2 protein chains.
Amino acid sequence: MTKPHTRIEKPSPPTRAALLPATHQEIVHEISANYERLSKRLKQIAGYALDNPNDFAIDTIAETARKAQVQPSALIRFAKAFGFDGFSDVQRLFQQRLLDVHSSYESRLESVRGSGENTPAALLGRFVEGNIAALEHLSRTIAPEKLNEAVRLLGQAGVIHVMAMHRAFPLAAFFYYAIATMGRRVQLIDNVGGLGREQQKQIGINDALFVASFSSYTPEVVHTAEQTLRRGIPVVALTDHPLSPLTTNSSVCFHVKDAAVHDFRGLSTSMCLVQTLIVALGVEA
Amino acid sequence: MTKPHTRIEKPSPPTRAALLPATHQEIVHEISANYERLSKRLKQIAGYALDNPNDFAIDTIAETARKAQVQPSALIRFAKAFGFDGFSDVQRLFQQRLLDVHSSYESRLESVRGSGENTPAALLGRFVEGNIAALEHLSRTIAPEKLNEAVRLLGQAGVIHVMAMHRAFPLAAFFYYAIATMGRRVQLIDNVGGLGREQQKQIGINDALFVASFSSYTPEVVHTAEQTLRRGIPVVALTDHPLSPLTTNSSVCFHVKDAAVHDFRGLSTSMCLVQTLIVALGVEA
DNA sequence: ATTCTGCTGGAATATTTATTCTATCCCCTG
DNA sequence: CAGGGGATAGAATAAATATTCCAGCAGAAT
């Protein structure tokens, strides 16, 4: 069987692209899609172009060559590999990107702020705005002493147990993954097989418990926190309101109000706090 | 930084400028302040430069001359009138402006990553800052059409299957919880009991798949996306780099770079995008 | 091993782009 | 309204930047 591997004569582009990319987005797509087909040096350039689109847009061919550690001629081969006449044509797309983003940002924000729209883009804009506000609020209102205390308690623990369900469960999953990755002992109380009570009994006197629960406060989680605290074991909690049952059933309790759109609350802000606890735990060790 | 030397020392700049502008802001100020002193043609250029900073940054001297209706040599006189050696030096400031605005995100993230105090409160501050930058970046760079397409594909699906592991798993957990809560059919491919292959077979021809994977790209997830896409079933993906294997093995692929401190990457930004997809899915129904 | 094919580096060349130079123009002043 | 001084246009030139070309190389196929 004759392979259609026959690359056409020199003048034609190696890729059979019918019409060549006309925007930055398109060329990024084209580069990603054909990356595997590229030769070693061309891969190198592709990676550089995707990672440094700004520099790529304004540097001269010589400077780009230096920064990407290739020969100038390789950049031209790169351009031709995607059907262009030369490097400048490719660079133009990257320049266009700078202009586009720069001029369209304001108008995009406008369309996003415009209240009632429910297009996905408008929703994203509102979530971003909401999450930013929530994050700023978080950093302004969290008491440093609480953070210190939480890190101290978790740092001293033999095994860190972690429990959260429903909407808060992803926090537990992330916490577990991160703690385990850094080589510490951690146990996830996930109530698998209805074995929650048994898992709870695994919490030792020198351990610690991290719990998170929101809104209608999962009874199992609250109960575990309560029991564990009663046994004199440190409990670090993350919840959403001062009147949450976790406030009283924990050694240290953080209150985070995540952003909501259409009554749907996210997790970005809580994630940020969890991330902070984890890294603080990591650097102190 | 090795600059092609400027050979001729010009005696003295026409304006008494002691030290010449080094940023776009500064040169704009300088131009405004001295506008009245300028000659007719130089005024014309000043006006053009202030009104079209984008074009001014990327056009060649000849094109700028044409657009501003002046001679190329006038542009050089303009540059020298403010104490520069030549046009290129002025243009560089305008280019820098494009980069500044555009790369503020990366550099902000960079500045957040390593250095600084390691008290928990300081870490929180850095995470908050990093996540805010990442969120802003997200809302600027996401293509609305991609969002629309993703929502459309997921909206049409009979059952939505969702798969993510390791660091990305919390995204799948949150996605599952939220979709199930709003009363839609959803399946979590969690590979429990090593039954991943069988779970994958549950994906029907009218369904859709949502996957997320980062950094060292879980092979199982990539494989499932590939197989599913090959069967003609829509795959919506969330990953962290254009060269991720998910880019090519999906119908729609989002790229999100979460903020990192001490090499530990969070999930806040990805969470925000997932949250957006979910609510968009909810309101369209 | 041996040939072949396509990739690569780097010098040579072509092209584009920036800058200089000067005759001419304009406009101000006396 | 004549003369002078700065500004201007446009051609001429210099510099830079992009592109071509080819010899040598490396990896695949034989």
Dipole magnitude of the range A:135-284 about its Cα centre (Cβ charges: Lys, Arg +1; Asp, Glu -1), debye to nearest 20: 200 debye
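How would the range B:24-99 be classified by its alpha-carbon gyration tensor: rounded, prolate or oblate, with rounded meaning a/c under 1.5 and the a/b versus b/c comparison settling the rest?
Details: a/c = 1.39, a/b = 1.06, b/c = 1.31.
Judged from the Cα gyration tensor, the range B:24-99 comes out rounded (a/c under 1.5).
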Scattering profile of chain A at q = 0.08 Å⁻¹ [log10 I(q)/I(0), Debye over alpha-carbon scatterers]: -0.58
Calculated [θ] (222 nm, deg cm²/dmol) that DSSP helices of n ≥ 4 give over chain B, each run adding -39,500 (n - 2.57): -17500 deg cm²/dmol
Under 5 Å, built H, 5+ apart or other chain: amide partners of residue B:71: none
Farthest positive-ward along chain A dipole, Cα basis, beta-carbon charges - from A:171, A:211, A:42: A:42
Percent of beta bridges antiparallel (DSSP, the protein assembly as shown, rounded to nearest 5): 10 percent
Accessible area that becomes buried as A packs against B, both chains, 1.4 Å probe, Å², nearest 100: 5700 Å²
DSSP-defined beta bridges in the range A:135-284 - what % are antiparallel, rounded to 5: 10 percent
Listed residues A:65, B:278, B:68: farthest to the positive end of the dipole of the protein assembly as shown (Cβ charges): A:65
Residue-normalised accessible area of the protein assembly as shown, given per residue in Å² at a 1.4 Å probe: 47 Å²
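Hydropathy at least 0.0 by Kyte-Doolittle, axial extent at least 20 angstrom from the Cα trace: which helices of chain B, defined as entire DSSP H runs, fit? Walk me through the numbers on the way to the answer.
Values: long enough: B:87-113 (37 Å, -0.65); B:120-141 (31 Å, 0.33); B:268-284 (24 Å, 1.43).
Helices meeting the span and hydropathy rule in chain B are B:120-141, B:268-284.
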q = 0.09 Å⁻¹: log10 I(q)/I(0) that the Debye formula gives for the range B:169-285, counting C-alpha atoms only: -0.24
Charge dipole (the protein assembly as shown, unit charges on Cβ, about Cα centre) - positive-most of B:248, A:227, A:264: B:248
Copies compared at residue A:29 - label distances in nm, ascending, label defined 7 Å from Cα in the Cβ direction: 4.4
Size of charge dipole - chain A - debye, nearest 20, with Cβ of Lys, Arg +1 and Asp, Glu -1, no other charges: 940 debye
Largest-first principal axis extents of the Cα set of the range B:53-173 (Å): 65, 47, 17
Cα centroid separation - the range A:133-175 against the range A:31-102, whole Å: 43 Å
A:152, A:184, ranked by accessible area, largest first (probe 1.4 Å): A:152, A:184
About the Cα centre, charge dipole magnitude for the protein assembly as shown (Lys/Arg +1, Asp/Glu -1 at Cβ), debye: 1180 debye
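Out of the total accessible area of the range A:135-284 (probe 1.4 Å, heavy atoms of protein only), what percent is carbon and sulfur? Before the final figure, lay out the partial values.
On the way: 3090 of 6170 Å².
Here it works out to 50 percent.
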Relative contact order [Cα under 8 Å, 6+ residues apart], chain A, whole percent: 14 percent
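Note down the relative contact order for the range B:24-99 as a percent, whole number, built from C-alpha pairs under 8 angstrom at least six residues apart.
34 percent
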Within chain B, percent of DSSP bridges classed antiparallel, to nearest 5: 10 percent
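Please state the relative contact order of the range A:135-284 as a whole percent: Cα pairs under 8 Å, 6+ residues apart? Display every interim value, and only then the final one.
Values: 241 pairs, mean separation 36.1, N = 150.
The value is 24 percent.
Out of every Cα-Cα pair in the protein assembly as shown, what percent are more than 34 Å apart? Walk me through the numbers before you get to the answer.
Values: 80987 of 162165 pairs.
When all Cα pairs of the protein assembly as shown are counted, 50 percent exceed 34 Å.
The values are calculated or read from the model by the stated rules, or taken from the named source; none is laboratory data. Since we're looking at a predicted model, the values are computed, not measured. Cβ coordinates were reconstructed from backbone atoms using ideal geometry, including for glycine residues, and neighbour counts include every protein chain displayed. Only protein heavy atoms, including side chains, enter the accessible area calculation; ligands, DNA and RNA are left aside. Shrake-Rupley method; radii C 1.70, N 1.55, O 1.52, S 1.80 Å.
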